[in-house]
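*Asks:* Submitted below is the structure of interest, expressed as structure tokens.
The values are calculated or read from the model by the stated rules, or taken from the named source; none is laboratory data. All values derive from a computational prediction rather than experimental measurement. Cβ placement follows ideal geometry from the backbone for every residue including glycine, while neighbour counts extend to all protein chains displayed. These accessible areas exclude ligands, DNA and RNA; they are computed on the full protein's heavy atoms, side chains included. Shrake-Rupley method; radii C 1.70, N 1.55, O 1.52, S 1.80 Å.
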Amino acid sequence: MTKKICIVYTHHKLGDLIWQLPYIKAISDHHDQKVDLIVRKKTQTKNIFKDIAHINLINYNDFRKGVYYWIDVFKLISIFFTNKYTHVYILDKVNKPAIAARLSGVKNIIGPGIGNQKKWLTVNKFLTNEDWKMSYSEQSQKLLSINSINLNSIYPEIEVDPKRYEKDHSDLIIQGKKISFGIDSFEDYKMWYEDYFIQLADKLYQKKIFDYIYLICGPDKSYLADNIIKKSKKNYFINCSKKDLGGIILALKNSSFFVGNNSGPLNLAAALKIPSFGLIANDPVDELKFSKINIITPENYDNIRCRERSGMKKLNVERVFTKILEYLR
């Protein structure tokens, strides 16, 4: 019987999904064939993963709670049954896709098996409850290991053809040297201050490192880009807050490097193989150890999470500027 593989990941953050790319690739390599994905629509995966060679079909599911729980289970059952998967891999501990796979008659259901999920899996090797304290990447690494799946690379990579986005975002195609600033975050305490980005831009501009800067943030944080443009009184900033992920990808692929907060755009830039500098002052740096991000922290950093945005002031502009120049030399 021909194998048909589906991988399910339920988290809603794009950055979290990007971290799973090495493990998706490893499963594809293990079975020597393309895989299908089921993820949340919010990740816009159909757009950004379209050019990844080892990914075939992508389906969306909302993974809701409450009265919608069983509606989403039945949607999953329909997807599994229609595609006749022989293997379903679940890269987190949720029960819903495991239940749906069992009810669909999938013969091989593989997941971490933490908590009640193990009741619905077809394997007999599981992560422990203690393993849930590990990062999502470490959990997936152990999941592959206990199922004898080799991991050839721990670094996320996204293959993409930026020309696909040029028609809808022609305003981003301009002459000159461009860089990108990632100025927002899903969690406010991770955000460097707007004044600091303005000062950093001034210093980089004096060194003639760029002609334009793409300001990357979500529409809900557009005020950050507005503040930077208004307070700086400079015309080299390009506001990308109204752009979809296609526009963001185009901006990143046209940038010589990216500087930004610990958020989705930072992970996206690194996965797109753009030299990336992560501004970390309120997070453990271990969160980024499975990436090629150049991490910039305050001197003598204590590596402890702080949920007060004021902690980002510990990372001063001069240190960030110096670290970037060291890399560029």
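*Asks:* Determine the pairs where a residue that is over 19 Å from Lys119 (Cα atoms), located within the stretch 78-95, has a partner that is among the hydroxyl-bearing types (Ser, Thr, Tyr) with Cβ atoms under 6 Å apart, the partner being 6 or more residues away or on another chain.
*Replies:* Pairs that qualify, where the first residue is over 19 Å from Lys119 (Cα atoms) and the partner is among the hydroxyl-bearing types (Ser, Thr, Tyr), are Phe81/Ser104.
*Asks:* Please find, among Ser145, Ser140, the residue that is assigned to a helix (DSSP H, G or I), in contact (Cβ under 8 Å) with a residue 24 or more places away in the chain and within 29 Å of Pro284 (Cβ to Cβ).
*Replies:* Ser140
*Asks:* So which of Arg64, Arg40 ends up being over 24 Å from His87 (Cβ atoms) and not hydroxyl-bearing (Ser, Thr, Tyr)?
*Replies:* When all the criteria are applied, what remains is Arg64.
*Asks:* Go through the residues of the stretch 93-103 one by one and say whether even a single one is in a loop (DSSP other than H, G, I, E, B), in contact with a Gly (Cβ under 7 Å, 6 or more places away or on another chain), at pLDDT 95 or above and not basic (Lys, Arg).
*Replies:* no
*Asks:* Within the stretch 150-196, which residues are within 22 Å of Ile324 (Cα to Cα) and free of Cβ contacts under 8 Å to residues at least 40 places away in the same chain?
*Replies:* Selection gives Gly176, Glu194, Asp195.
*Asks:* Same structure again: For residues in the stretch 198-216 being free of Cβ contacts under 8 Å to residues at least 40 places away in the same chain and open to solvent by less than 60 Å² (accessible area, probe 1.4 Å), which is farthest from Arg329 (Cα to Cα)?
*Replies:* Leu215
*Asks:* Taking the condition of being open to solvent by less than 30 Å² (accessible area, probe 1.4 Å), assigned to a loop (DSSP other than H, G, I, E, B) and over 19 Å from Ala270 (Cα atoms), how many residues in the stretch 1-22 meet it?
*Replies:* So the answer is 2.
*Asks:* Which of the residues spanning the stretch 38-72 are among the β-branched types (Val, Ile, Thr), at pLDDT below 95 and crowded, with 17+ Cβ neighbours inside 10 Å?
*Replies:* Thr43, Thr45, Ile48
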